[in-house]
Each structure stands twice: as C-alpha cells, then as structure tokens.
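As structure tokens, the structure follows; a few thoughts come after it.
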Amino acid sequence: MAASHLLLPLPFSVSMNTKFSPVSSFPNPNRRFNPKISFLTNQLGISLPNFRTKTTSCLNLTLANAQFRTPATLRELCQGHVPEPVLCRMDEYGFVTPTEVQQQALPVLFTGRDCVLHAQTGSGKTLTYLLLVYSIINAQRSAVRALIVVPTRELGMQVTKIARMLAAKPADFGPEQQKSCTVMALLDGGMLKRHRTWLKADPPTLVVATVASLCQMLEKRVFDLGAMKVLVIDEVDFMFNSSKQGSYLRKLLTSYSSCHSRQTIFASASIPQHRHFLYDCVQQKWTKSNVVHVHVNQVEPMPSRFHHRCMICPKNQRFQAIATLLRLDLPKSAILFVNEQSEKSKRAGEMPTSTRLIDFLKSSCEEFSNIPLLEEDQNFNSRAASLLEVREKSCYLIVATDLAARGVDLPETTHIYNFDLPKSAVHYLHRAGRAGRKPFSEDKCIITSILAPEEHFVLQRFENELKFHCEELTLSDLRLNV
Ligand SMILES: Nc1ncnc2c1ncn2[C@@H]1O[C@H](COP(=O)(O)OP(=O)(O)OP(=O)(O)O)[C@@H](O)[C@H]1O
C-alpha cells in the first residue's frame, strides 16, 4: 500500500516513523498512551505493529506501517451504514472497487468523526462524502438534513447529478420502497425565486449550494439549518482563499450552525499548511476537537501516471508553439488552460487571450474547427452549453480558465496544456488533475506548460513543491518533428 497518512487529534498520541509538530491546543497534550487506542484502531480496522509512544497531542499513523483489513468491495465497506437502495444504485453505476481514499476514509466517517479528506485529484472524494451523507440522512423528515457547499456552479451541477443518481430508485426495487431523498441545487445563476418557494413548501433532504446563494437564503430566513446533520465543504482551501467566499463560509460554520450538532467534512486535493488548518478547525470551532485528517498519498501529491513536459519559447511565439504541439500530439481529449483576463487589460479594451487563442487555432489548423470556451466572463448559460458539449463527446479540445480547474470531472481528458503558467503550485496541481480521472486506469496523461525562458524558475519551484519532473521541449525540436 502506498505511504498514506491519518492524523487523529486525540488525548493521547502515537508516532510512527514520521516527524510531527504537535498542535499544543489539542486537548490533554501531556497524557501518555492509553488503552483507548486499541478501541480506536479496532474501529478503524487498522492494526499497528511495533509502535512506540511519544508525548504529542495527536495520533499520527503512517499507513505504510499500519495493516488495513481491507474489505474487497465498496458495498462491503458500506454495508450496515448506507441504505440498500443507495448501494444498489452504486452497483448499477459500476462503483464496485473502493479507491484508496474510500477505503481509508469511509470507516472513519462512519464512526461519526469530523474529517478533513485530503487526497489526490480524481481519487473519488465526491463519492466518499456522498456515501457518508446517505448513511446519515433519510427522507422521513421534511427538512434539510445535509448540505454540500461547493465553490462553483459547474462543480455544484456535477455533485448534484451524482447525488441524484444515488438517490434514485434502483431498477429492481418494488413500489413499496420508501420515499427517496430529494436533492436541491442552490447555485449561483439559478432561479432563486423558485428555490425559495420549494424550500418553504417542502424542504429537500440534501442541498448542494454555492456559498453566496446559500447565505442569501439563510439571511432572508427562507430556511434554517436547525435539522442539519452533515455539512460538507468541497474544495475548502479554494473557498477560504477567496475573501468573499471565506467570510460567508466562516458564518456558515459558526453562526448558522454549530459543529456540535453536525458532522463536518472538509475535502480537497490541496490543503496548504494542513497542520495549521487543522489547528484552526478546532480553535475556530469549525469542527469538533477530535477531527480526523485522512491524508492519502501524502508523498505523492499528484498521480504518478502524469507525464510533465514544458516548452520554453519566446512570448511572441507561444501561439505558433501551441498549434505545433497540438498538431504533433493530436490529443484525444484536451483542456487548454489560460489565465483570466486582468482588469487592466479589460479596461484597455484588449481581446482576452482565450478568444485570441481560439481564433488562432481555428484559422491555423482545420482539425480544430470547434473549440468551446469556459471562463468566468461568460454568462451561466454559455458556460453550461460549453460543458454539455464536451461531456457529450469523447473527443474534444476546450479552452478554459481556472474556473474549470476545481473539481470538474471530464473523465476522457488525456492532455492538459498550460498556455499561461498557473499562478501557483496549487493551481498547477488542480489544472493537471483535470486529466487522469479514471481511478483504476494506468493510462499516461500528459501535462504540458508553455513558458518564456524568464518564467522557467517559477515552474522549477512548482516541480520542487509538488515533487515532479518536467521533460523540456524546445520549439526547434518540435519543428524537426512536424
Ligand atoms: N470506486 C470507484 N470506482 C470507479 N470510479 C470511481 C470510484 N469512485 C469515484 N470514481 C470516479 O472517479 C472520478 C473522479 O472522482 P471525483 O470527481 O470524486 O474525484 P475527486 O477526488 O473529487 O477529484 P478532485 O479533487 O479533482 O475534485 C469520477 O469520474 C468518479 O465517477
């Protein structure tokens, strides 16, 4: 099993082959190992060989050293927790073998503990938290029992679709089946008037929301979260990074509901300074003090089947370079990332890079006659139309800004091109993570960044931070191959 990591703040601690800085505010930092550990490890299905005890406030397990009694199937893992109709839907949909994050997180989540789910892009975090949600909620009571908060409308639509798929009646369940859970998508750009009527008349069991639309409804007291049992915040680091979303989120976590009356789950493939984040979770009362950090593949932040390349060329030759690359690669399905247009460039009336790029590619290569666009400045309908267009095909080239970099699941994507260098290593990780989204596939995916010579040191920083290596290409090499 790959080296993986569980971090359990507890009134005792065990440390195994890992360095760990204790978080002093966790409870009872000076208590030594006590027998509760065997109870806990039994609950989690972990056995710990030859551990030594140490006085820190957290249980810190390197799972390479812990032997999991791994259940064979996802169904086995969920049996007794998730209702049978949901398990049947899961089977029908073809979710049979658990991914690593599902194997490690579900037993912890089913104990009722708050959790920070920290695992690679495309590793199946969505299904993990949805299975927890369905283990807790049922449609017997007409009230919002679970809430999933996402940063974008696009991710919200995607999560809603999977949640509805799991809640739907399985094919061979008779009419005597109980009422199934209702799922509402309360997302930016939606018809909030219609949602208001629905929320008041017959509250859905599960709400998938963007934080601004949600807080608007809560402020107007259209509904409350008094009956909420589980709260999931997806792409949590992204949301706390935005000042507007971050402040709504803080309100949601502490004013509109209390961590003591709900189970709280935070999910992301990147939690920068995760120890500090865990400390904040407890200090700010976003979670209970025994929050668990399930950190899968911590030594490898990105999937190993990514092949990274960079092409160094002068800025004025970038358009030509990407066209040459695309003609050489002939990618089956690709996302071409550009940065969002700056306010200064907008004020100067310049054409955004995205539009210039699409125009250039259409005029220079006849194979790229249709290139959809996904960016913030489009209206919600055109954004939805672009995504729908690529979802319906297995072969596509789409130009997108970082709007598409978080959570969006286009499983056929094999190639990612960074036409503009991402702003940070975290942005690099999430853009790259739009490829390689079939959990059990070994197929290589190619991530290519186009950069000017003076930008090379930035990419090298990302390589160090994310522990990957880039093959260097030059325009002259490519010309030889065309
Ligand atoms: N057990 C499973 N078996 C097969 N496919 C799965 C399984 N779990 C999830 N998937 C598929 O894996 C893909 C990625 O899952 P998901 O979108 O949940 O990833 P994620 O971890 O949330 O990624 P990101 O961090 O980029 O949001 C989806 O297409 C999903 O349907």
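The values are calculated or read from the model by the stated rules, or taken from the named source; none is laboratory data. Source: prediction; values computed, not measured. Using ideal geometry, Cβ is built from the backbone for each residue, glycine included, and neighbour counts are taken over all protein chains shown. With ligands, DNA and RNA removed, areas are computed over all heavy atoms of the protein, side chains included. Shrake-Rupley method; radii C 1.70, N 1.55, O 1.52, S 1.80 Å.
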Completion exercise
Pairing a residue in region 405-421 that is free of Cβ contacts under 8 Å to residues at least 40 places away in the same chain with any residue that is near the ligand (Cβ under 9 Å from one of its atoms) and of a type outside the set (Gly, Ala, Ser), where Cβ atoms lie under 8 Å and the two sit 6 or more apart in sequence or on different chains, gives Pro411/Arg437; Pro411/Lys438
Fill in the blank from the handout: Requiring at least 1 residues that are of a type in the set (Val, Ile, Thr) and closer than 27 Å to Leu387 by Cα, the helices (runs of 4 or more DSSP H) wholly within region 263-351 are 318-329
Practice task
With the checklist (1) open to solvent by 40 Å² or more (accessible area, probe 1.4 Å); (2) β-branched (Val, Ile, Thr); (3) touching a Ser or Thr at 6+ places or on another chain (Cβ under 6 Å) in hand, flag the one item Thr355 doesn't pass.
Solution key: (3)
Practice task
Test Ser382 against the stated conditions and say whether it is in contact with a strand residue (DSSP E or B) (Cβ under 6 Å, 6 or more places away or on another chain), under 28 Å from Met191 (Cβ atoms) and more than 16 Å from the ligand (Cβ to nearest atom).
Solution key: no
Practice task
Among the candidates Val426, Val458, single out the residue that is more than 21 Å from Leu373 (Cα to Cα), within 16 Å of the ligand (Cβ to nearest atom), open to solvent by 10 Å² or more (accessible area, probe 1.4 Å) and β-branched (Val, Ile, Thr).
Solution key: Val426
Practice task
For region 401-409, indicate whether the set of residues that are away from the ligand (no atom under 16 Å from the Cβ) and open to solvent by 10 Å² or more (accessible area, probe 1.4 Å) is non-empty.
Solution key: no
Practice task
Would you mind stating whether Leu147 is at pLDDT 95 or above and open to solvent by 10 Å² or more (accessible area, probe 1.4 Å)?
Solution key: no
Problem - Top-ranked residue of region 231-250 - restricted to ones that are among the small types (Gly, Ala, Ser) and part of a helix (DSSP H, G or I), ranked as most open to solvent (accessible area, probe 1.4 Å) - result: Ser243
Exercise for the section: Kindly check whether there is at least one residue in region 102-117 that is surrounded by 19 or more Cβ atoms within 10 Å (Cβ to Cβ), of a type in the set (Lys, Arg) and within 11 Å of the ligand (Cβ to nearest atom). Expected result: no
Practice task
Note down all Cβ pairs under 9 Å where the first residue falls in region 158-184 and is surrounded by fewer than 20 Cβ atoms within 10 Å (Cβ to Cβ) and modelled with pLDDT under 85, the second is assigned to a loop (DSSP other than H, G, I, E, B) and not polar (S, T, N, Q), and they're at least six residues apart or on different chains.
Solution key: Gln177/Lys169; Gln177/Pro170; Gln178/Pro83; Gln178/Ala139; Lys179/Ala139
Problem - Yes/no for Thr121 being more than 17 Å from Ser261 (Cβ to Cβ), near the ligand (Cβ under 10 Å from one of its atoms) and not in a loop (DSSP other than H, G, I, E, B) - result: no
Exercise for the section: Could you grab the pairs with beta carbons closer than 7 Å, sequence gap of 6+ or different chains, first residue in region 73-99 and without any contact (Cβ under 8 Å) to a residue 24 or more places away in the chain, second one part of a loop (DSSP other than H, G, I, E, B)? Expected result: Val96/Thr73
Handout entry: Any hit, region 150-170, residues being more than 21 Å from Phe223 (Cβ to Cβ) and away from the ligand (no atom under 16 Å from the Cβ)
Key = yes
Fill in the blank from the handout: Quick count over region 429-455, residues being away from the ligand (no atom under 16 Å from the Cβ) and either aliphatic (A, V, I, L, M) or buried (at least 16 other Cβ atoms within 10 Å of the Cβ) (or both), is 7
